[in-house]
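Let me begin by presenting the structure, written as structure tokens, before commenting on it.
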Amino acid sequence: MPLALLSASAPAATPAAAAQAPKRALSVFYHALRRRLGPQHWWPAQTPFEVIVGAILTQNTSWANVERAIANLRSASLLQPAALARVRLSRLERLVRPSGYYRQKAKKLKAFVQFLDRDFGGSLDRMFRQPTAALRQRLLAIHGIGPETADSILLYAGNHPVFVMDAYTRRILSRHGLAHPDADYHQAQALFHAELPRQARIFNEYHALLVETGKRWCIKSEPRCGECPLGRFLEPKP
């Protein structure tokens with residue numbers, strides 16, 4: 001069977017076809033993207049706590065909007081857990097307004113720092129010393145933190161080996177027949193966990209490469225397959 005199964009305009013892969021995808025396809029894709037794009041140096045943040053703040057603020061918005069909100073928080077000296085815990089909610093809402101859904105996101109930030117203080121004495125080091133699976137469940141129990149946000153915190157702030165699934169990655173997997181479009185978050189994530197070394201460094205770099213690929217070439221409408229470094233792996237159109 002070819003390395004990838006579908007062209008961007010072909011019908012979506014069936015679960016059976018996706019299950020037959022070659023075991024080394026993800027590794028081949030990784031090296032193709034690395035050769036074309038080079039190191040990505042993700043996540044764009046100065047501290048682990050800033051990564052966490054960014055992971056929460058980036059929900060349902062662009063990174064450019066998040067950067068404006070983070071700049072506001074930095075100017076107000078609030079990119080520390082204790083400072084964020086003390087600030088009034090109304091002021092926090094004003095500062096994160098550029099990120100959109102600012103009232104909800106301010107509450108989510110407050111919920112996280114309250115969790116951190118209550119369970120770990122405000123220490124990120126103590127929090128990240130927890131086993132990955134156990135910490136993931138505790139993060140998911142925090143108001144407003146879903147699987148993608150929790151995994152971004154674990155991988156990019158805590159160096160835990162979990163692969164982050166986002167819309168870009170799932171789109172690329174589907175178009176190449178490696179995952180069914182109806183696969184849920186954990187089914188898609190399991191492909192990376194099963195086929196790649198469980199190393200945070202690799203997961204970090206690979207996810208960043210896929211995000212860049214989704215932004216440049218594998219866009220939602222009118223994908224630029226001819227320019228994409230993964231385009232050669234698509235099945236030719238009949």
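The values are calculated or read from the model by the stated rules, or taken from the named source; none is laboratory data. Please read these numbers as outputs of a predicted model, since none were measured by experiment. In this analysis, Cβ positions are derived from the backbone assuming ideal geometry, glycine residues included, and neighbour counts consider all displayed protein chains.
ALA21 falls short on exactly one of the conditions (1) surrounded by fewer than 18 Cβ atoms within 10 Å (Cβ to Cβ); (2) at pLDDT below 95, and that condition is (1). Residues that are of a type in the set (S, T, N, Q), touching a helix residue (DSSP H, G or I) at 6+ places or on another chain (Cβ under 7 Å) and farther than 18 Å from PHE49 by Cβ within the range 60-117 comprise THR61, ASN65, listed in sequence order.
Taking the range 80-131 as the range and being under 18 Å from HIS143 (Cβ atoms) and aliphatic (A, V, I, L, M) as the test, the residues that pass are LEU84, ALA85, VAL87, LEU89, LEU92, VAL96, ALA106, LEU109, ALA111, VAL113, LEU116, MET127.
Each residue in the range 118-136 was checked for being under 18 Å from LEU154 (Cα atoms) and either out of contact with any helix residue (DSSP H, G or I) (no Cβ under 6 Å at 6 or more places or on another chain) or part of a loop (DSSP other than H, G, I, E, B) (or both), and 12 of them qualify.
Here is a yes/no grid of residues against (1) in contact with an Asp or Glu (Cβ under 6 Å, 6 or more places away or on another chain); (2) free of Cβ contacts under 8 Å to residues at least 60 places away in the same chain; (3) assigned to a helix (DSSP H, G or I):
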residue	(1), (2), (3)
ALA190	no, yes, yes
HIS193	no, yes, yes
PRO197	no, yes, no
PHE203	no, yes, yes
ALA208	no, no, yes
GLY214	no, yes, yes
SER221	no, yes, no
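All conditions in (1) surrounded by fewer than 18 Cβ atoms within 10 Å (Cβ to Cβ); (2) at pLDDT 95 or above; (3) farther than 14 Å from ILE52 by Cβ hold for ASP182, with the sole exception of (2). The set of residues in the range 44-78 that are in a helix (DSSP H, G or I) and either in contact with a strand residue (DSSP E or B) (Cβ under 6 Å, 6 or more places away or on another chain) or polar (S, T, N, Q) (or both) comprises ASN65, ASN72, SER75.
The set of residues from the range 29-54 being surrounded by 15 or more Cβ atoms within 10 Å (Cβ to Cβ) and either closer than 30 Å to PRO81 by Cα or in contact with a Gly (Cβ under 8 Å, 6 or more places away or on another chain) (or both) comprises GLN40, TRP42, TRP43, PRO44, ALA45, PRO48, PHE49, GLU50, VAL51, ILE52, VAL53, GLY54. Can you find even one residue in the range 67-84 that is crowded, with 16+ Cβ neighbours inside 10 Å, more than 22 Å from PRO44 (Cα to Cα) and assigned by TED's automatic domain parsing to the domain that holds ARG136? No, because not a single residue in the range 67-84 is crowded, with 16+ Cβ neighbours inside 10 Å, more than 22 Å from PRO44 (Cα to Cα) and assigned by TED's automatic domain parsing to the domain that holds ARG136. Checking every residue in the range 228-235 against the condition of being touching a helix residue (DSSP H, G or I) at 6+ places or on another chain (Cβ under 6 Å), surrounded by 12 or more Cβ atoms within 10 Å (Cβ to Cβ) and within 19 Å of ALA157 (Cα to Cα) gives zero matches.
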